[in-house]
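Quick notes on the structure that follows.
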Amino acid sequence: MNPRNNMRPINLIISSLAVTATLLGATPGKTAQLLATGKEPVRIVCMGDSITGVYYHTGGLRAYPEMVGIALKKLYPRTQVTVRNAGISGDTTHGALARLDRDVLAHKPHLVTVMFGMNDMVRTPLAEFQKNLKEICARCRQAGAEILLCTQNSVIANEARPGNKLAEFTQVIRNVGKEESLGVADCYARYETVRAGNALEWALLHSDEIHPNMDGHKVFASVIVQAISGKEVSLSDVGPPEPALRHTLALLKAGKPVKVLAMPPYDQLVAPALTRFYPDAKITVTAWPTEGQTLAQLEAAAKKVRSMAMDLVLIAVPASATADDPEEFHKHYSWIMNWSLSFGPQQWDVVVLPPSTARPELTTGESRHEDLATRLIGAQDLHMIARAKGDKTALPELLTAWLTKHLQQAVK
């Protein structure tokens, strides 16, 4: 399978599914009216587990709640919108009930989105899950908040969370929405529509077997915002958050040492590039060897990164580390990035370089998995140092130009 012939930009995937029904039940009318009039600030809280929270799957800086905020600002630029992320890894509807007052109702939301099921399906009986959902909804209503139930994504086959069981829990969410006259943003249905059209495109919405990457979270956000507003919005132009090197820049500006882990040839290039801008900087570089390494071996090595307490990680997987098919490449390449990020909110910077900028001899941007690697880096919501096809700029100058651009942006 040739990934270049089977991949479509994520905005085309989303727009092609615009006709798919994503809202079951009632629209959150009061919230929609407040957004449209812009007469007062609108407060939204998104409650869920690790699929909602900010973790490595989406680059460690934001997830679909933050994308919902961006999308709503696009649609209602004159309305002040606050979207609070109340997602916690490992949480279930039991945990949600225990922290509902503190994490949700204390913020006096106009709207609460509720996305649970992925952990409940391995810990909570189906009937109890239904009961808990109804109690969450009742307590939110008593506090004056509207509720939008959200189904989660479908998952890549795994023993812990079989697809048929997830489908059962998903149907319970839909049933609760119908019984309680609530809107249901059916993200699961949207994912399954993608899978029916192109299984590879569906797989590429995932960072691992269970968790979506940022491309997947943009799908979530588009479904949720359409459920809230009745309007479509594109997030295809939303790139990774700026500045690109927030942690590293803070250390450099404070005159503190910076520890870098870098794959070749950037283990030799990064210190001279940084000291060009900060001549007195103390840069310590640890090399991450790639010579002769397979993708699986690089993934195994990446498991040590979180314990290394680095400030900046530069991933430059060479074109020689390839795979037999796009699915295998996706799995290993995503986990190299996943393990290189902190588990939760980003504690250090990670920048990724596709194969064309991983080795000097690749000056045309041509490699077997170049397009797929570029797609996966963007889907992880990470910054990349890439070159246009045909660009023969030497790698030291390429790195310096990239740093110049982002350092200038950080000063503005």
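Bear in mind that the values in this text are calculations on the coordinates, not laboratory data. Keep in mind the model is a prediction, meaning the values are calculated, not measured. As a convention, Cβ positions derive from the backbone with ideal geometry for all residues, glycine included, and neighbour counts pool all protein chains shown.
At a glance:
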read-out: Sorted peptide list for 239-246, 208-215, 255-262, 170-177, criterion being average Cβ within 10 angstrom, highest first; value: 208-215, 170-177, 255-262, 239-246
read-out: Karplus 3J(HN,Hα) series, Hz, for region 184-195 with 6.51 cos²θ - 1.76 cosθ + 1.60 (x for Gly, Pro); value: 10, 7, 8, 5, 4, 4, 5, 4, 5, 5, 4, 4
read-out: Region 97-234: relative contact order as a whole-number percent, Cα under 8 Å and 6+ apart; value: 22
read-out: Mean Cβ neighbour count within 10 Å, used as a protection proxy, ranking 43-55, 340-352 highest first; value: 43-55, 340-352
read-out: Long-range amide H partners of His206 with built H, under 5 Å; value: Asn213
read-out: Only Lys, Arg (+1) and Asp, Glu (-1) charged, at Cβ; region 246-411 dipole about Cα centre in debye; value: 680
read-out: Amide H within-cut-off set for Ile147, under 5 Å, with H built and near neighbours excluded; value: Val112
read-out: ³J(HN,Hα), Karplus 6.51/-1.76/1.60, whole Hz, each residue of region 305-316, x for Gly, Pro; value: 5, 4, 8, 8, 6, 7, 9, 9, 10, 10, 9, 9
read-out: Region 335-356 versus region 206-277: alpha-carbon centroid distance in Å; value: 9
read-out: Residue order, fewest to most surrounding Cβ atoms within 10 angstrom, among His330, His94; value: His94, His330
read-out: For region 163-172, 3J(HN,Hα) per residue [Karplus equation, 6.51 cos²θ - 1.76 cosθ + 1.60, θ = phi - 60°, Hz, x = Gly/Pro]; value: x, 5, 6, 4, 4, 5, 5, 4, 5, 4
read-out: Extreme residue, positive dipole direction of the chain, given options Gln171, Gly344, Met47 (C-beta unit charges); value: Met47
read-out: Amide H contacts of Arg84 (H built 1.01 Å from N, under 5 Å, at least 5 apart or other chain); value: Ile44, Val45, Cys46
read-out: Packing-based ranking, highest mean first, of 140-151, 280-291, 180-191 given that Cβ atoms within 10 Å are counted; value: 180-191, 140-151, 280-291
